[in-house]
Amino acid sequence: MNYKKLANTALITITSVAVLAACSSTTNRGSSAATSTSLKKGDLVGISMPTKADQRWNVDGANLVKDLKKAGFKTKLEYANNSPSQQSNDINNLVSAGAKAIVVASVDGTAVGPAVEQAESQGDVVIAYDRLVMNTKAVNYYVTFNLERTGILEANTIIDKLDLKGNGGKTTPLNIALFAGSDDDNNAPYFFKGAWDLLKPYFQSGQLVDPSGLVTKDTTDADWKKISVHAWDQTQAQKQMDAFMTKLGDKPLAAVLSPYDAISLGIMKSIKNARPDMTPSIPFSASNQQNKSAWPVITGQDGMDIAISNITYGAQGQTVFKNVALLADQTTSILTQIADGKKPKSTDASMNNGKTEVPTWLLKSDELVKNPTGEQKGLHYEVEVGFISEAQYQKDIAAPIIK
Ligand code: BGC
């Protein structure tokens, strides 16, 4: 267990710093956190983010730099252009530049394994940020948001808007398209599981149907790759939705389960091309189930500017927003505790990455909608927590992407 190793390491450090220094270059540390106690304030922390192309990772990177600097660390931030090989190079370079800790949001959770093993063998602390690094013991901590909650919030919006608990789909089954995230991202199956556990009963009762046949009442959580969108790519999502729209023909479409705002945008573009009759000005609801022009309930995640625009306009139903400032705070707190000689402890359950139990922190996301009720929040919440500026918000709500 990681904590035990940490405790052992701390003991060794106290009793014999010299012995540890000698060991650290020669021993093959089988498990995590072996040399994490060597991290000190003033050390360099290497940050490896997946891509600049998605809004959230830019905010994540900036937050981490700001927080870690404030806590007394030096930082170096790299973006991997969504390329697993570039990310491995980035991590190797960060270690060569003297980084004593690596914070990595992986492009491909498995492919990044050898690079973090190399970092760990040099004595680095490795923190998996948002996405778990898979199949290696060389990952010490994992900070993320509650993963299934994303799918739960998305599915509940669909269930409510379609009135599935009332009469929705009981006379004529309602058509739905379902998408999952990238096949190389360990988060994706959890997002799908959260949603599918809630939606599956309505497939079994016959209230929901997927006309493409990709998802049926017999689909299990494990089948998520059948509907995954590689690299969370908008264009790829649009292609997959084009195929769905061909199968749908001229029938009504009630909802689309989308796990990410850029995927939602690809989906909307496909709907506009295939069915110009469908319009966000006629939102799909239980009372107009047979109206072919009704616009489906489309979900999303990340609170991107495009989502704010499209939710304002009625083209997107909701987005799951992650206040990533909290993730950067948690990461900084872990590294600060280690530098102070303490053992970071989480009260959340650890996650297994296929090789080891990784101590994990699960933060809480929020659901943003146009007209908040109950637990939901309005779009302006993003300004209130500092994710975007007021000026950006005003721009977003003035210009719908899908018209
Ligand atoms: C993150 C999501 C994000 C997606 C696409 C996932 O790993 O957890 O917040 O929407 O990647 O970038």
Here, A399 and D340, labelled 7 Å along Cα→Cβ, have an inter-label distance in nm of 4.5
With the charge dipole of the range 204-270 built from beta-carbon charges (+1 for Lys and Arg, -1 for Asp and Glu) about the Cα centre, the Cα from S205, M268, M245 projecting farthest to the positive end belongs to M245
For W361, the residues 5 or more places away or on another chain with a placed amide H closer than 5 Å to its own amide H are Y142, V143, T144
If the chain between N81 and K165 were fully extended at 0.36 nm per residue, the gain over the current Cα-Cα distance would be 25.9 nm
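A71: net charge of surrounding residues, Cβ under 14 Å, Lys/Arg +1, Asp/Glu -1, itself excluded? Each step should come with its number before you reach the end.
Values: positive: K40, K41, K66, K69, K70, K74, K100, K342; negative: D43, D67, D329, D340.
Neighbourhood net charge equals +4.
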Given backbone amide H placed at 1.01 Å from N, residues whose amide H is under 5 Å from that of T319, ignoring those fewer than 5 places away on the same chain, are L368
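Considering only the other residues whose Cβ falls under 12 Å of the Cβ of G194, what net charge follows from Lys and Arg at +1 and Asp and Glu at -1?
Numbers: positive: R149, K193, K200; negative: E148, E154, D197, D221.
Surrounding charge for G194 is -1.
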FRET efficiency (N288, N58; Cβ distance; R0 30 Å; to 0.05) is 0.15
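Sort 134-143, 249-258 by packing, meaning the average of other beta carbons within 10 Å per residue, with the highest value first.
Details: 134-143: 24.2, 249-258: 20.9.
Highest mean packing first, the order is 134-143, 249-258.
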With Cα coordinates, the longest principal axis of the chain makes an angle with the long axis of helix 55-70, in degrees rounded to 10, of 30
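Quick check on my link table: of K52/K272; K225/K272; K41/K345; K217/K272; K70/K137, which ones sit more than 23 Å apart, alpha carbon to alpha carbon? Write out the running numbers ahead of the final one.
Values: K52/K272 28 Å; K225/K272 26 Å; K41/K345 19 Å; K217/K272 28 Å; K70/K137 30 Å.
Pairs exceeding 23 Å: K52/K272; K225/K272; K217/K272; K70/K137.
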Applying the gyration tensor rule to the Cα atoms of the range 189-229 (axes a ≥ b ≥ c; rounded if a/c under 1.5, else prolate if a/b exceeds b/c, else oblate), the class is oblate
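Nearest 20 debye, what's the magnitude of the dipole of the range 311-403 about its Cα centre given +1 on Lys and Arg Cβ and -1 on Asp and Glu Cβ?
Details: 10 positive and 11 negative charges, 45 e Å.
Result for the range 311-403 is approximately 220 debye, rounded to the nearest 20.
State the percentage of accessible surface on the chain attributable to carbon and sulfur atoms; use a 1.4 Å probe and exclude ligands, DNA and RNA. Could the numbers behind the result be given before it?
On the way: 8430 of 15870 Å².
Of the solvent-accessible surface of the chain, carbon and sulfur hold 53 percent.
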Mean accessible area per residue over the range 63-160 (1.4 angstrom probe, all protein chains present, square angstrom) is 33
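What number do you get for the range 186-316 when its Cα radius of gyration is normalised by 2.2 N^0.38 Å, N = residues?
Values: Rg = 14.1 Å, N = 131, 2.2 N^0.38 = 14.0 Å.
Dividing the Cα radius of gyration by 2.2 N^0.38 Å gives 1.01.
What is the ratio of the Cα radius of gyration of the range 162-209 to 2.2 N^0.38 Å, where N is its residue count, to two decimals?
Values: Rg = 12.6 Å, N = 48, 2.2 N^0.38 = 9.6 Å.
Normalised by 2.2 N^0.38 Å, the Cα Rg of the range 162-209 equals 1.32.
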One would report the Cα pair-distance distribution of the range 114-155, bin width 5 Å, in %, as 6, 23, 24, 16, 11, 9, 7, 4, 1
Applying the gyration tensor rule to the Cα atoms of the range 33-147 (axes a ≥ b ≥ c; rounded if a/c under 1.5, else prolate if a/b exceeds b/c, else oblate), the class is rounded
So the pair-distance distribution of the chain, from every Cα-Cα distance in 10 Å bins, comes to percents of 5, 23, 30, 21, 13, 6, 2, 0
Sequence order, the range 224-236: Karplus ³J(HN,Hα) from phi using 6.51 cos²θ - 1.76 cosθ + 1.60, θ = phi - 60°, Hz rounded, Gly and Pro as x, gives 4, 5, 4, 10, 6, 10, 4, 6, 6, 8, 4, 5, 5
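Rounding to the nearest 20 debye, state how big the charge dipole of the chain is about its Cα centre with +1 on each Lys and Arg Cβ and -1 on each Asp and Glu Cβ.
Details: 41 positive and 41 negative charges, 77 e Å.
Dipole size: approximately 380 debye.
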Interchain or sequence-distant (5+) residues whose placed amide H lies within less than 5 Å of the amide H of V125 are A101, I102
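Write down the Kirkwood hydrodynamic radius of the range 271-403, to one decimal in angstroms, obtained as one divided by the mean of 1/r over all alpha carbon pairs.
Numbers: mean 1/r = 0.0570 Å⁻¹.
17.6 Å is the Kirkwood radius here.
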In order over the range 268-274: 3J(HN,Hα) from phi, Karplus 6.51/-1.76/1.60, θ = phi - 60°, whole Hz, x for each Gly or Pro, gives 5, 5, 4, 4, 4, 5, 6
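Determine the per residue accessible area of the range 201-308 with all protein chains present and a 1.4 angstrom probe, expressed in square angstrom. Display every interim value, and only then the final one.
Details: 4150 Å² over 108 residues.
Per residue, the range 201-308 has 38 Å² of solvent-accessible surface.
The values are calculated or read from the model by the stated rules, or taken from the named source; none is laboratory data. Because the structure is a prediction, the values reported are computed rather than measured. With ideal geometry, Cβ positions are generated from the backbone for all residues, glycine too; neighbour counts draw on all protein chains shown. Quick note on the areas: whole protein, heavy atoms, side chains included, nothing else; ligands and nucleic acids left out. Shrake-Rupley method; radii C 1.70, N 1.55, O 1.52, S 1.80 Å.
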